[in-house]
Amino acid sequence: MPAAEVELVGGTANRGLVVRVGDTVRRPLRASSTATHALLRHLESVGFQGAPAFLGVDAQGREVLSYLPGETVTAPYPSWSMTDEALDSVAHLLRTYHEAVADFRPIGLEWAEPVPADYVTGLISHNDPNLDNVVFRDGVAVALIDFDLAGPGSPLWDVATAVRLWAPLRPDADIHDVRRGHTLTRLRRFADAYNLTDADRLRLVDAAADNHIWCMDYVRRGSEAGHPWFHQRWTTGEAELTDRTNTWFKQTAAALRQALLD
């Protein structure tokens, strides 16, 4: 008997379309799939174990990836996922990924969503290390999944993305878990755990603010294009939260920068 398909929760763009079949994951192909598969092959070739392996395309035209056992962080967030140790491990995993991908030099590949030119240095960044795109085992981040938005970027852009979501960087009133009140300390802790350079620390706050604009514009355009889950997200509070967060970045930029430099 063929293995049953079990829907995997999390995500927005492919919600309801990603399934586990035995020790594999099946996902829809995209225009950028050829580039993503080249990236995954490179990571496997250098021995990086923190990403799924690309195994081919199935009879239904879906990409087949190896299943990485563990837990991802979805609401309601488990207490272990909000600890300083979990935060540190995400930073360590991200740095390890950047080291593994540093010598990947793709040519002629189509990537999904260009990032602002100021944050493109030649490195292929993940671009979406969201809470539900990190696999944990025993409270430690061990793998990145969902490389759909990967493409030319930089370590700084990935760090900005990750810390914006994991600190998180948004108004305290919009943080509804134990991270409320700890934004500054978690921001600094992530930068320290990643061992961010002094030059990138000086740019991190602006990068995070720009990343928020980039990400929310992607959601807005998805909503306007009729994507059901992006539309639901954008029209049930995301647009208002985006405006509040953009204002918050402007009002707290000095305090955020100081936290990184103290």
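The values are calculated or read from the model by the stated rules, or taken from the named source; none is laboratory data. Bear in mind the structure is a predicted one, so any value in this text is a computation, not a measurement. So basically every Cβ, Gly included, is an ideal-geometry build from the backbone, and we count neighbours across all protein chains shown.
Anything in the range 53-66 that is surrounded by fewer than 18 Cβ atoms within 10 Å (Cβ to Cβ) and under 22 Å from residue 137 (Cα atoms)? List them, or say none.
53, 66
So that you can scan it fast, the table gives a plain yes or no per residue for (1) without any contact (Cβ under 8 Å) to a residue 40 or more places away in the chain; (2) among the basic types (Lys, Arg); (3) crowded, with 19+ Cβ neighbours inside 10 Å:
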| position | (1), (2), (3) |
| --- | --- |
| 165 | yes, no, yes |
| 187 | no, no, yes |
| 218 | no, no, no |
| 226 | yes, no, no |
| 229 | no, no, no |
| 256 | no, no, yes |
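Test residue 212 against the criterion of being closer than 20 Å to residue 90 by Cβ and either β-branched (Val, Ile, Thr) or touching a Ser or Thr at 6+ places or on another chain (Cβ under 7 Å) (or both), and give yes or no.
yes
Kindly indicate which of 199, 191, 225 is within 18 Å of the chain's Cα centre (by Cα) and assigned by TED's automatic domain parsing to the domain that holds residue 93.
So the residue among 199, 191, 225 that is within 18 Å of the chain's Cα centre (by Cα) and assigned by TED's automatic domain parsing to the domain that holds residue 93 is 191.
Conditions tested, residue by residue: (1) over 19 Å from residue 135 (Cα atoms); (2) of a type outside the set (Gly, Ala, Ser); (3) under 18 Å from the mean Cα position of the chain (by Cα).
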site	(1), (2), (3)
8	no, yes, yes
28	yes, yes, no
40	no, yes, yes
70	no, no, yes
75	no, no, yes
81	no, no, yes
96	no, yes, yes
104	yes, yes, no
111	yes, yes, yes
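crowded, with 19+ Cβ neighbours inside 10 Å and touching a Phe, Trp or Tyr at 6+ places or on another chain (Cβ under 9 Å): does that describe residue 209?
Answer is yes for this residue.
If we only count helices (runs of 4 or more DSSP H) wholly inside the range 190-262, which ones have 3 or more residues that are within 25 Å of residue 173 (Cβ to Cβ) and at pLDDT 95 or above?
By residue number, 198-224, 239-261.
It is to be established whether one or more residues within the range 176-184 are under 13 Å from the mean Cα position of the chain (by Cα), among the polar types (S, T, N, Q) and buried (at least 19 other Cβ atoms within 10 Å of the Cβ).
So far as the range 176-184 goes, no, none of its residues is under 13 Å from the mean Cα position of the chain (by Cα), among the polar types (S, T, N, Q) and buried (at least 19 other Cβ atoms within 10 Å of the Cβ).
Pull up the range 110-131, narrow it to residues that are surrounded by 19 or more Cβ atoms within 10 Å (Cβ to Cβ) and over 23 Å from residue 195 (Cβ atoms), then point me to the one that is modelled with the lowest pLDDT.
Top of the filtered list is 112.
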